[in-house]
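Worksheet: one structure, shown below.
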Amino acid sequence: PAEQKAVIKEALDNSWCMHDGDTWYLVSSKWWRKWMEYVGYDRYAPSSQHPGPIDNSPILEDGALQTSLSESLDYQLLPPSAWSSLTSWYGVDPETVIARKVVSASASGATKVVEVYPYRLQVVTDVTSKQGKWVEISRRATMGEAKKLFCEAFDIEPNNARVWDLVNMKKYALVKDTEIIEDARIYDQQWVLLEQKNADGSWPAQEKDDDDVITSYSGSSSWGNDRGAPELPMAVGLTNLGNTCFMNSGLQCLAHTYPLTNFFVSGAFESDLNTDNPLGTKGELATEYGKLMQQYCSNQYRVIAPRDFKYCLSRHAEQFAGYNQHDSQELLAYLLDRLHEDLNRVRKRPYVETTESNGRDDAIVAQEAWSGYLLRNQSVVVDHFQGQYRSTVTCPECPKVSVTFDPFMYLTLPLPTASDRVLKVHVVFTDGRPRTVYAVKVLKRGSIKDLKIAASALCGVPADRFAAADVYSHTVYALYEDTKPLDCVRDEDITFLYELEAALFEEEEGVTSTVTASVTSTGSTSSSSAHGTQVATNCLASMSVSDGKARHGNGNQRHYSMEEDGVHHSASSPLVVVKKQKVTPEHESASSSSA
């Protein structure tokens with residue numbers, strides 16, 4: 001394990017350099033955590049629990065990657081070298097391998113990302129069609145490459161076909177073969193038309209009543225998905241273009257900041273455009289924002305898709321390129337700053353010294369500082385969004401106190417976070433009571449032992465008589481040690497607490513005992529000791545699951561089963577085996593060496 005840990009750490013440390021076309025691999029976080037525990041990686045202490053073959057079943061559904069998964073929480077991205085090493089050590093079912101390509105996240109190519117979710121486009125050959133064929137392709141592929149795949153799906157000759165962007169199942173724009181899909185404003189999950197030539201070699205005639213058709217996206221404006229007057233003025237929706245809710249929420253806030261919106265809708269912003277400011281976007285972002293607000297307030301749309309604005313934003317802010325989730329506050333901060341620079345009325349900025357108080361009245365110092373700031377910064381954003389705060393610095397060596405007034409546009413404040421969390425646990429009893437689900441409040445930074453203590457207070461079973469298990473896909477996946485941190489247990493995990501027989505904890509005079517629970521399954525065994533040292537074992541009880549009530553079996557076996565909540569363990573499922581080991585005084589020294 002120590003050697004494996006070193007090999008993978010080196011591979012991950014050297015994975016920062018990505019190139020277009022590189023293949024990376026996804027591995028389920030559930031299996032990845034088991035491996036980290038096994039080798040003692042990162043903050044985990046080494047464990048004897050072998051992780052078994054690489055298991056991606058938790059993140060697959062019908063053989064495909066589940067949607068809306070998050071990196072680290074649901075899966076781990078591995079470079080080729082790390083994946084190759086892990087598969088040689090542990091093996092993997094070829095049907096569950098999830099490989100993804102590295103692509104450029106922006107037109108400049110400076111930012112590389114692993115494209116975990118390639119585009120899925122719904123392709124139709126007729127705008128009256130109710131259902132098309134889904135085609136998966138990289139967002140950085142050309143439309144020519146996409147058209148080739150579309151034609152293969154419909155058995156059409158590529159030279160006899162062209163691709164249209166559709167809006168409300170109407171032709172909106174003819175897309176060129178040389179355009180990159182993402183740059184052509186084609187978005188994930190959208191509809192596209194694969195239009196085929198007529199028998200005489202001509203293209204189908206364009207609908208006469210469609211005024212929205214354009215032959216390219218150059219110079220086009222954002223379009224509305226749903227034409228018609230909104231029910232209330234400015235009650236206009238913004239289409240989610242793919243994880244762009246962070247952007248839409250920020251835009252909605254600014255749209256309803258009326259002094260700013262009126263400034264753009266009236267067209268007054270055009271006279272303030274500063275195309276020479278190196279800190280701005282040459283007026284491009286302000287222009288696109290102005291177009292968007294004019295459409296927003298035109299009373300002609302119920303829903304607008306801010307495609308052109310998103311495209312412009314991605315070109316100038318690579319951190320917002322692609323379709324990952326982002327923070328709304330970060331978007332607002334960037335947008336307001338760039339709008340200010342694009343609309344800054346000061347063309348040549350003079351040098352201005354910092355204003356110190358030197359014991360003068362705050363009102364005088366504040367006015368001097370603000371006047372100096374306006375010598376370099378004047379815009380509609382400064383007029384409505386910026387102010388000053390008083391900053392005091394005291395020297396620890398002498399009585400010197402410095403008071404300055406600094407400009408701000410927003411104040412970030414930490415949100416208080418709860419120190420506890422609620423976990424759902426399934427408790428299986430030995431006294432005939434049905435299996436019961438408890439909502440248990442525990443500390444976020446607690447351990448499995450804390451979970452047992454909290455559950456004990458609710459159900460009356462002593463905490464040390466619980467065996468904690470992680471159940472996945474109707475199977476006992478692993479047992480939890482008391483010291484395991486609770487942050488390794490996700491809210492969606494299914495956690496079971498099995499009550500152990502009281503007889504297991506009865507001590508004989510002059511004898512030290514230990515109680516051990518383990519999962520028996522093909523290829524691996526995990527165990528969790530209540531206390532003591534293991535020498536000899538006498539199997540006193542075993543648990544499988546069937547109907548939620550305890551049943552007495554033959555000899556020392558006791559069987560449990562559960563069918564509530566759709567959980568069922570078949571006879572072939574792994575067993576939770578509980579063992580008691582006895583250690584006599586004369587064997588204590590031998591036990592410690594053989595444990």
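Does segment 263-274 contain at least one residue that is assigned to a helix (DSSP H, G or I), farther than 30 Å from Arg347 by Cα, touching a residue at least 60 places away in the same chain (Cβ under 8 Å) and open to solvent by less than 20 Å² (accessible area, probe 1.4 Å)?
Of segment 263-274, the ones assigned to a helix (DSSP H, G or I) are 263-265, 268-272.
With the extra rule that they be farther than 30 Å from Arg347 by Cα, the set shrinks to none.
Within segment 263-274, none of the residues are assigned to a helix (DSSP H, G or I), farther than 30 Å from Arg347 by Cα, touching a residue at least 60 places away in the same chain (Cβ under 8 Å) and open to solvent by less than 20 Å² (accessible area, probe 1.4 Å).
Tell me which residues, restricted to segment 33-72, are of a type in the set (Val, Ile, Thr) and at pLDDT 90 or above. Before you say what the answer is, go through the steps one by one.
Step one: of segment 33-72, the residues of a type in the set (Val, Ile, Thr) are 39, 54, 59, 67.
Val39, Ile54, Ile59 - these are the residues of segment 33-72 that are of a type in the set (Val, Ile, Thr) and at pLDDT 90 or above.
Find the residue count for segment 313-344, including only residues that are part of a loop (DSSP other than H, G, I, E, B) and surrounded by 14 or more Cβ atoms within 10 Å (Cβ to Cβ).
Quick first cut of segment 313-344, residues part of a loop (DSSP other than H, G, I, E, B) only: 317, 321-327, 343-344.
Still in the running and surrounded by 14 or more Cβ atoms within 10 Å (Cβ to Cβ): 317, 321-324, 326, 343-344.
Residues in segment 313-344 being part of a loop (DSSP other than H, G, I, E, B) and surrounded by 14 or more Cβ atoms within 10 Å (Cβ to Cβ): 8 in total.
Is it fair to say Val236 is touching a strand residue (DSSP E or B) at 6+ places or on another chain (Cβ under 7 Å) and buried (at least 16 other Cβ atoms within 10 Å of the Cβ)?
Working: touching a strand residue (DSSP E or B) at 6+ places or on another chain (Cβ under 7 Å): yes; buried (at least 16 other Cβ atoms within 10 Å of the Cβ): yes.
Here the answer is yes, as Val236 does meet what is asked.
Quick one: is Pro233 over 25 Å from Leu343 (Cα atoms), over 24 Å from the mean Cα position of the chain (by Cα) and not in a helix (DSSP H, G or I)?
On the way: over 25 Å from Leu343 (Cα atoms): yes; over 24 Å from the mean Cα position of the chain (by Cα): yes; not in a helix (DSSP H, G or I): yes.
So Pro233 fits the description; yes.
For segment 382-427, give me each residue that is in contact (Cβ under 8 Å) with a residue 40 or more places away in the chain, farther than 30 Å from Arg360 by Cα, of a type outside the set (Val, Ile, Thr) and out of contact with any Lys or Arg (no Cβ under 7 Å at 6 or more places or on another chain).
Leu423, Lys424 - these are the residues of segment 382-427 that are in contact (Cβ under 8 Å) with a residue 40 or more places away in the chain, farther than 30 Å from Arg360 by Cα, of a type outside the set (Val, Ile, Thr) and out of contact with any Lys or Arg (no Cβ under 7 Å at 6 or more places or on another chain).
Out of the residues in segment 163-202 that are aromatic (Phe, Trp, Tyr) and out of contact with any Lys or Arg (no Cβ under 9 Å at 6 or more places or on another chain), which is most open to solvent (accessible area, probe 1.4 Å)?
First, the residues of segment 163-202 that are aromatic (Phe, Trp, Tyr): 164, 172, 187, 191.
Filter once more, keeping what is out of contact with any Lys or Arg (no Cβ under 9 Å at 6 or more places or on another chain): 172, 191.
Numbers: Tyr172: 18, Trp191: 72 Å².
That would be Trp191.
All but one of (1) touching a residue at least 40 places away in the same chain (Cβ under 8 Å); (2) in contact with a Gly (Cβ under 8 Å, 6 or more places away or on another chain); (3) surrounded by fewer than 20 Cβ atoms within 10 Å (Cβ to Cβ) hold for Ala45; which doesn't?
Every listed condition holds for Ala45 apart from (2).
Can you give me the number of residues within segment 168-221 that are modelled with pLDDT of 85 or more, touching a Gly at 6+ places or on another chain (Cβ under 9 Å) and in a loop (DSSP other than H, G, I, E, B)?
Residues in segment 168-221 being modelled with pLDDT of 85 or more, touching a Gly at 6+ places or on another chain (Cβ under 9 Å) and in a loop (DSSP other than H, G, I, E, B): 4 in total.
Pull up segment 313-372, narrow it to residues that are over 15 Å from Leu251 (Cβ atoms) and hydroxyl-bearing (Ser, Thr, Tyr), then point me to the one that is modelled with the highest pLDDT.
Ser371
Report the residue count in segment 275-312 for those that are of a type in the set (A, V, I, L, M) and either open to solvent by 30 Å² or more (accessible area, probe 1.4 Å) or free of Cβ contacts under 8 Å to residues at least 12 places away in the same chain (or both). Please lay out each step first, then the result.
Within segment 275-312, the first condition is being of a type in the set (A, V, I, L, M), and the residues that meet it are 279, 285-286, 292-293, 303-305.
Narrowing the set further to residues that are either open to solvent by 30 Å² or more (accessible area, probe 1.4 Å) or free of Cβ contacts under 8 Å to residues at least 12 places away in the same chain (or both) leaves 279, 303.
Adding up the residues that qualify gives 2.
If you go through segment 368-402, how many residues are of a type in the set (Phe, Trp, Tyr), more than 30 Å from Gly267 (Cα to Cα) and crowded, with 17+ Cβ neighbours inside 10 Å? Lay out the reasoning, then the answer.
Taking segment 368-402 as the starting set, the residues that turn out to be of a type in the set (Phe, Trp, Tyr) are 370, 373, 385, 389.
Of the ones still in play, those that are also more than 30 Å from Gly267 (Cα to Cα) are 389.
From the residues that got through so far, the ones that are crowded, with 17+ Cβ neighbours inside 10 Å too are none.
Count: 0.
Could you tell me whether Tyr75 is buried (at least 18 other Cβ atoms within 10 Å of the Cβ), in contact (Cβ under 8 Å) with a residue 40 or more places away in the chain and under 24 Å from the mean Cα position of the chain (by Cα)?
Working: buried (at least 18 other Cβ atoms within 10 Å of the Cβ): yes; in contact (Cβ under 8 Å) with a residue 40 or more places away in the chain: yes; under 24 Å from the mean Cα position of the chain (by Cα): yes.
Yes: the conditions hold for Tyr75.
So how many residues does segment 460-492 have that are farther than 30 Å from Glu61 by Cβ and surrounded by fewer than 17 Cβ atoms within 10 Å (Cβ to Cβ)? Reasoning before the result, please.
Step one: filter segment 460-492 for residues farther than 30 Å from Glu61 by Cβ, giving 460-467, 481-483.
Still in the running and surrounded by fewer than 17 Cβ atoms within 10 Å (Cβ to Cβ): 460, 462-464, 483.
Qualifying residue count for the region: 5.
Collect the residues in segment 369-412 that are farther than 15 Å from Ala333 by Cα, assigned to a strand (DSSP E or B) and small (Gly, Ala, Ser), keeping them in residue-number order.
Ser391, Ser402
Here is a yes/no grid of residues against (1) part of a loop (DSSP other than H, G, I, E, B); (2) loosely packed, with under 12 Cβ neighbours inside 10 Å; (3) hydrophobic (A, V, I, L, M, F, W, C):
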{"position": "Gln4", "(1), (2), (3)": "no, no, no"}
{"position": "Lys9", "(1), (2), (3)": "no, no, no"}
{"position": "Trp24", "(1), (2), (3)": "no, no, yes"}
{"position": "Trp31", "(1), (2), (3)": "no, no, yes"}
{"position": "Lys34", "(1), (2), (3)": "no, no, no"}
{"position": "Gln49", "(1), (2), (3)": "yes, no, no"}
{"position": "Thr67", "(1), (2), (3)": "yes, yes, no"}
{"position": "Ser81", "(1), (2), (3)": "no, no, no"}
{"position": "Leu86", "(1), (2), (3)": "no, no, yes"}
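For residues that are in a helix (DSSP H, G or I) and surrounded by 15 or more Cβ atoms within 10 Å (Cβ to Cβ), scanning just segment 345-367, find the one that is farthest from the chain's Cα centre (by Cα). Outline the logic, then answer.
Within segment 345-367, the first condition is being in a helix (DSSP H, G or I), and the residues that meet it are 362-367.
Narrowing further to those that are surrounded by 15 or more Cβ atoms within 10 Å (Cβ to Cβ): 365-366.
Working: Val365: 47, Ala366: 44 Å.
Taking the candidates together, the pick is Val365.
The values are calculated or read from the model by the stated rules, or taken from the named source; none is laboratory data. These figures come from a predicted structure and were not determined experimentally. Positions of Cβ are generated from backbone atoms using ideal geometry, with glycine treated the same way; all protein chains shown enter the neighbour counts. Remember, those area values only see protein heavy atoms, side chains included, never the ligands or the DNA or RNA. Shrake-Rupley method; radii C 1.70, N 1.55, O 1.52, S 1.80 Å.
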